[in-house]
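**Student:** Okay, here's the structure, questions in a sec.
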Amino acid sequence: METTSALSPRFPSLLYSTGNKPRELSHVEKIALPRLHSGFNEVNRVLGGGLVRGSLVLIAGEPGIGKSTLLLQISDVMTETTRRVAYVSGEESIDQVKLRAERLNLEGKGLYFVSEINLSAVLEHLEGLSPSLAVVDSIQTMYLEEVSGAPGSITQVRECTLRLGHWAKRNNVPILITGHVTKEGAIAGPGTLEHIVDVVLYFEGEPFSSYRVLRGVKNRFGSTNELGIFEMGNSGLTEVENPSQYFLSQYRDGAIGSVVVATLEGSRPLLVEIQALTTLNSFGPPRRIANGVDFNRLLLITAVLTKRTGLKLFNQDIIVNVTGGLRISEPAADLGIATAIASSFHSSKPISGLVVLGEIGLNGELRRVSQIERRVTEAIRLGFKSCILPKLETGLSLDHTDIQIIKAGSVVEALKLGLTKKVGGDE
Ligand code: TYD
Ligand code: MG
């Protein structure tokens, strides 16, 4: 192990620390991970309870989505409970950041800002300040003289991240770094970054919408399926306390091609609207466009609708949208997607106040979804009147009188029960 000390500055990692002897796990005492409250419940939720000391957290997102704003707000709130916070920006000058701070009504007490791109200098500042939290915005602007390549290149980004991670662990201070992602969703430059850091959070949203979602992609200290939901306003980001209401704010009950599903994002049920539009395409191969739902899932649902319910979709373009720009990945939304498509195809309204739940199997059968009780409770809370569920669903323990539970064994049955009769002609 003589080489470890020579290696460690270049490849800093806990793995290389000297003096570690193998120990029997049963003799290792469990330690509670000390966590810092980030000041935002939505951020803590995604982090799995707060910022773990010594952890390196990457906040990735497209330019302009609000990463710097979020981190400046977190930094400021955290000065209330911690010693001091260091905010390093390689992108903005102190004047620019001061302007943003004014817009956010932040005083900046205990918040130390430095504009710097040389990582060695950054680390010196951190040593000098000895903060309780450090922010580096963005990792793509940082560089080390002894490393080849321009800032933003894979080698630079990798090395800089490794150094920051090492500093964070050695000093037991959490560091939040931002990283830009390209349109394709890769963190610009290295995807390898994701392996180096402890936590990867994506900050997402549609450019034309004011809502923002913080999504866990990797978390060494918690689950990754939690979402934090924010709204970008004139003075920064605010937490959205009632996301279902928020996502349904433009929903019109009984609109053709529009169906509400109750999805589960981590531990939180969320009601969202799925819209579908089918239009005749006599000229080319039919197109399928999936915004917010998985494309392959849409193909599967389309195939099942064609084969099992006789919907003639072979010459129809199909567009499916999740309103609000949210992404749903779980199959519990299958029946919602199918109902929206059938509603549009037949120009038939869904019955009033309807929420739809169920995974669709290849035979057109409906399969159970997890945590049904929480989803139904959320539907009741938002004032929905009926809920279509898979027939085999057994998870519903409560006797619900405030919502009509309609059980269906197959897609065919669900469509019969969920759609009003045909009210218009086919496209
Ligand atoms: P920013 O945090 O600079 O994004 P990023 O660091 O991800 O590139 O946010 C930029 C956008 O946010 C910009 O278009 C302006 C908008 N914004 C608001 O709408 N309200 C605000 O209070 C602030 C500070 C920014
Ligand atoms: Mg920024």
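**Student:** Looking at segment 53-73, I want the residues that are farther than 16 Å from Gly216 by Cα and have a partner that is in a loop (DSSP other than H, G, I, E, B) and away from ligand 1 (no atom under 13 Å from the Cβ) with Cβ atoms under 7 Å, at least 6 apart or on another chain. Which pairs are those?
**Tutor:** Final answer for the pair search is Arg53/Pro34; Arg53/Asn172; Arg53/Val173; Arg53/Pro174; Gly54/Asn172; Gly54/Val173; Gly54/Pro174.
**Student:** Of the numbered conditions (1) assigned to a loop (DSSP other than H, G, I, E, B); (2) within 29 Å of the chain's Cα centre (by Cα); (3) not hydroxyl-bearing (Ser, Thr, Tyr), His400 satisfies every one except a single condition; which is it?
**Tutor:** His400 satisfies all of (1) assigned to a loop (DSSP other than H, G, I, E, B); (2) within 29 Å of the chain's Cα centre (by Cα); (3) not hydroxyl-bearing (Ser, Thr, Tyr) except (2).
**Student:** Residues of segment 252-270 being touching an Asp or Glu at 6+ places or on another chain (Cβ under 8 Å) and surrounded by fewer than 18 Cβ atoms within 10 Å (Cβ to Cβ), which ones?
**Tutor:** Ser267, Arg268
**Student:** Which count do you get for residues in segment 301-331 that are touching a helix residue (DSSP H, G or I) at 6+ places or on another chain (Cβ under 8 Å) and assigned to a helix (DSSP H, G or I)?
**Tutor:** Residues meeting the conditions: 9.
**Student:** Hey, Arg53 hits all of (1) within 19 Å of Glu194 (Cα to Cα); (2) in the same structural domain as Gly233 (by TED's automatic domain parsing); (3) modelled with pLDDT under 90 but one; which does it fall short on?
**Tutor:** Every listed condition holds for Arg53 apart from (3).
**Student:** Considering segment 233-255 alone, what residues qualify as being more than 20 Å from Gly216 (Cβ to Cβ) and within 16 Å of ligand 1 (Cβ to nearest atom)?
**Tutor:** Gly233, Asn234, Ser235, Gly236, Thr238
**Student:** Taking Arg83 as meeting all but one of (1) more than 16 Å from ligand 1 (Cβ to nearest atom); (2) in contact with a Lys or Arg (Cβ under 8 Å, 6 or more places away or on another chain); (3) free of Cβ contacts under 8 Å to residues at least 60 places away in the same chain, write down the number of the exception.
**Tutor:** For Arg83, the exception is condition (2).
**Student:** Step by step: first the residues of segment 57-78, then only those that are part of a helix (DSSP H, G or I) and more than 13 Å from Leu104 (Cβ to Cβ), then the one that is nearest to ligand 2 (Cβ to nearest atom). Which residue is that?
**Tutor:** Filtering first and then ranking leaves Lys67.
**Student:** Would you pick out the residues in segment 271-306 that are without any contact (Cβ under 8 Å) to a residue 40 or more places away in the chain and touching an Asp or Glu at 6+ places or on another chain (Cβ under 8 Å)?
**Tutor:** Matches in segment 271-306: Asn281, Pro286, Arg287, Arg288, Ile289.
The values are calculated or read from the model by the stated rules, or taken from the named source; none is laboratory data. Everything numeric here is computed off the predicted structure, so don't read it as measured data. When we count neighbours, we look across all protein chains shown, and the Cβ atoms used for this are built from the backbone with ideal geometry, even at glycine.
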